[in-house]
4 protein chains.
Amino acid sequence: MTLENASPRRKELVGIAARLFVETGFDRTTVRMLAQAMGIKSGSLFHHFRDKQEILCAVIEEGTQRALAIARRELAEADPRPRARLHAMARAHLETLLSDRNAHVAALYEWRRLDAASRERLVPLRDAYERLWEQVIDEAIAAGIVTGDAFLVRRFVLGALNWTVRWYNPSDTVGEGGRTSEDLARALVAMITRE
Amino acid sequence: MTLENASPRRKELVGIAARLFVETGFDRTTVRMLAQAMGIKSGSLFHHFRDKQEILCAVIEEGTQRALAIARRELAEADPRPRARLHAMARAHLETLLSDRNAHVAALYEWRRLDAASRERLVPLRDAYERLWEQVIDEAIAAGIVTGDAFLVRRFVLGALNWTVRWYNPSDTVGEGGRTSEDLARALVAMITRE
Amino acid sequence: MTLENASPRRKELVGIAARLFVETGFDRTTVRMLAQAMGIKSGSLFHHFRDKQEILCAVIEEGTQRALAIARRELAEADPRPRARLHAMARAHLETLLSDRNAHVAALYEWRRLDAASRERLVPLRDAYERLWEQVIDEAIAAGIVTGDAFLVRRFVLGALNWTVRWYNPSDTVGEGGRTSEDLARALVAMITRE
Amino acid sequence: MTLENASPRRKELVGIAARLFVETGFDRTTVRMLAQAMGIKSGSLFHHFRDKQEILCAVIEEGTQRALAIARRELAEADPRPRARLHAMARAHLETLLSDRNAHVAALYEWRRLDAASRERLVPLRDAYERLWEQVIDEAIAAGIVTGDAFLVRRFVLGALNWTVRWYNPSDTVGEGGRTSEDLARALVAMITRE
DNA sequence: CATGAATGAGAATTCATTCAT
DNA sequence: AATGAATGAATTCTCATTCAT
């Protein structure tokens, strides 16, 4: 599941690329911009990555991997009751999405830019993450605190969460009415659960 | 509210551009692709639009305008009870988003590509549309069928709906488990309302 | 010597073109700019002129013709003594050059943009004008008020005069230290004559 | 006084660009023509210069700098008497203008094509050159060998000299009646001085 | 005469990528 | 590893010109 090269230097470069991809979009981020942000010249970039695609692929892998790791950790630490587990997942998702505007955002918003080969490689990883959500939502429905079609609920919930990056700026707590990402997680869970 | 140039020819071109922008993304849609899809040569495009930006601007305006018109019509025809009005808005939103994968999708997903001037021009239009949602959600909260922070509910609901274009293909009813966009609207309303 | 078409409408258009060619340069003046300044659409321009070259040709012809006419008039009216005739020529030259920043400037500064055919057509006209200068300078040398190689004197004098359009703005009498174009003519004659 | 980038490669390219700008004019010299003359592909040009403007700016800077350097050298070596100094300046000016049809011609004839920023940067350099002329002409007037308004004399003299590039071809000594540029300098000085 | 739409050749510029040093 | 120079294909956009209406 891990890629050919996971040196710390490379990890650092991937983080920088992730930020640029989120700020500017993959298409509009030039190799020269990436290199400059990394403190090297554009020619040197190709010693670390075969091509621009590979950078995107690495970013998306990193983003999904982190999302998966954090979700697992939060679930492991969470109260085993369904509502708490739902909350843990929402919190984890928002954390990877908003806390450092990191690779997870790129994973979601630049997925379409992956070429076929990369996509194929990354689908299992993404599915592993989604399966976590599937479980938690199934449990919530089984417990009667959420009603409806599990598939649709999952899609709607992820949509609601993913869309936050379009309107929520975690560093601007005043502009956001003082809402923290924790508030967001709680509000979302409240919105879809009853009793 | 309509802009500089509204010839029927232009409208037709805007429709074609909308489709390409949704299929391929604004950045990856070249002027030549647009021209070819329109049946003209790339130079001729600039007879109708000053630059590529202006095409995007026209597409987004058209998309938001249509969304606004359809939402108003649905609200006017809907049962005046809060849940019905919520449902009408969701149905209207999904219709403009999914029925012909039209300009409304571009309006949502390519908004960031607008330059400052266009953005400024279009913000009021977008706000008018969002105000419709505001009203309907306020009514639902007042009626006690939805609970929570009206602002967050609106953002979550719009996120859930907007994200549908990423996973729902209305022309593939089998792959989508036979779900129609009407089903989606109903499910969303069910998910967030109680009693 | 006159061109196929000398309608007053055409003359007017030529005048407008002359102004634009001087302000912006022939290469940078687009057919659309010309048309707009003329109050018509670019397509219509080609009812009046075969192509852009023909406009330039007409402008240069007009400019040289006017310069020639005015020079002849001034010489006819001038005191027959050599210095007075020299002065009359300088005054005439500066008048066509500066008084209405007209076609004569274009004739001098855009001559290189003429195609071979136009150039051939206009060379005799330009030579007729230069011959006037030749006479006047020959007379001045014969009279001993100017010394030197007649050919070089003529080139130097014309250079000095033609270059005025690069630094002298006749409508800004303050910025120009209150110098009129009449002052310029006098100063030039004074500079090259003795006794 | 020198600018951002003065690599020898760049200097060489600037020289080639100067020649093309003089032969063809800035507007009609395409980037492809420049690249071909430089033996590279058009894309590579932008490795050395940000845009076409910057090439022009570099050419004009180079041209004025050389003119300034040569004028200073000639003045330093010249007999200190006013006529000799005038002659030295004329000779220097014609040398930079005619000897290799170099950047100084472009500096004079394409100045208008500079954008505002470049112009601002180059004005002091140009002024430094003109101040040399100012001094020499002031001295000549003070010595009584030239009469008139120093400002106008300077403008006329520079006009006469600058215009030579329009009619004088130094490599065609037959067509030019065997006149060398040294002859031109002498004739000009003779024309404007007395006794 | 005038127009609006269209054209096609070419303009400057961008950019991922290569490669000798 | 890193770099600077170069590439070539593609991109947006310009513009003189044509032509049906």
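The values are calculated or read from the model by the stated rules, or taken from the named source; none is laboratory data. Note that this is a predicted model, so its numbers are computed, not measured. Note: ideal-geometry Cβ built from the backbone for every residue, glycine included; neighbour counts use all protein chains shown. Side chains included, ligands, DNA and RNA excluded: accessible areas come from the protein's heavy atoms. Shrake-Rupley method; radii C 1.70, N 1.55, O 1.52, S 1.80 Å.
Looking across C:A37, C:A78, C:A90, one residue alone is surrounded by fewer than 20 Cβ atoms within 10 Å (Cβ to Cβ), away from DNA strand E (no atom under 16 Å from the Cβ) and more than 11 Å from the chain's Cα centre (by Cα). It is C:A78.
Give the residues of segment C:165-176 that are of a type outside the set (D, E, K, R) and either more than 7 Å from chain D (Cβ to nearest Cβ) or in contact with a Cys (Cβ under 8 Å, 6 or more places away or on another chain) (or both), sorted by residue number. Across segment C:165-176, the qualifying residues are C:V165, C:Y168, C:N169, C:P170, C:S171, C:T173, C:V174, C:G175. For segment C:26-74, which residues satisfy the criterion of being basic (K, R) and more than 8 Å from DNA strand F (Cβ to nearest atom)? C:K41, C:R66, C:R72, C:R73 - these are the residues of segment C:26-74 that are basic (K, R) and more than 8 Å from DNA strand F (Cβ to nearest atom). For residues that are within 20 Å of C:V189 (Cα to Cα) and assigned to a helix (DSSP H, G or I), tally how many sit in segment D:143-195. Counting residues in segment D:143-195 that are within 20 Å of C:V189 (Cα to Cα) and assigned to a helix (DSSP H, G or I) gives 24. If the condition is being in contact (Cβ under 8 Å) with a residue 12 or more places away in the chain and open to solvent by 30 Å² or more (accessible area, probe 1.4 Å), then segment C:47-75 contributes C:H48, C:K52, C:Q53, C:E62, C:Q65, C:R66, C:R72, C:R73. The sole residue among C:T147, C:T96 that is touching a His at 6+ places or on another chain (Cβ under 9 Å) and either within 11 Å of chain D (Cβ to nearest Cβ) or surrounded by 15 or more Cβ atoms within 10 Å (Cβ to Cβ) (or both) is C:T96.
Out of A:A67, A:A103, A:A140, one residue alone is under 25 Å from A:T180 (Cα atoms) and in contact with a Gly (Cβ under 6 Å, 6 or more places away or on another chain). It is A:A103. Looking across segment B:120-147, just one residue is under 25 Å from B:V165 (Cα atoms) and in contact with a Cys (Cβ under 9 Å, 6 or more places away or on another chain), and that is B:L122. One residue alone among C:R85, C:R126, C:R91 is touching a helix residue (DSSP H, G or I) at 6+ places or on another chain (Cβ under 6 Å), in contact (Cβ under 8 Å) with a residue 24 or more places away in the chain and within 13 Å of another protein chain (Cβ to nearest Cβ), and that residue is C:R126. With respect to the conditions (1) of a type in the set (D, E, K, R); (2) away from DNA strand F (no atom under 11 Å from the Cβ); (3) surrounded by 14 or more Cβ atoms within 10 Å (Cβ to Cβ); (4) away from every other protein chain (no Cβ under 14 Å), D:R10 lacks only one, and its number is (2).
Taken over segment B:184-194, the criterion of being within 9 Å of chain A (Cβ to nearest Cβ) and more than 15 Å from B:T96 (Cα to Cα) is satisfied by B:A187, B:L188, B:A190, B:M191, B:I192, B:R194.
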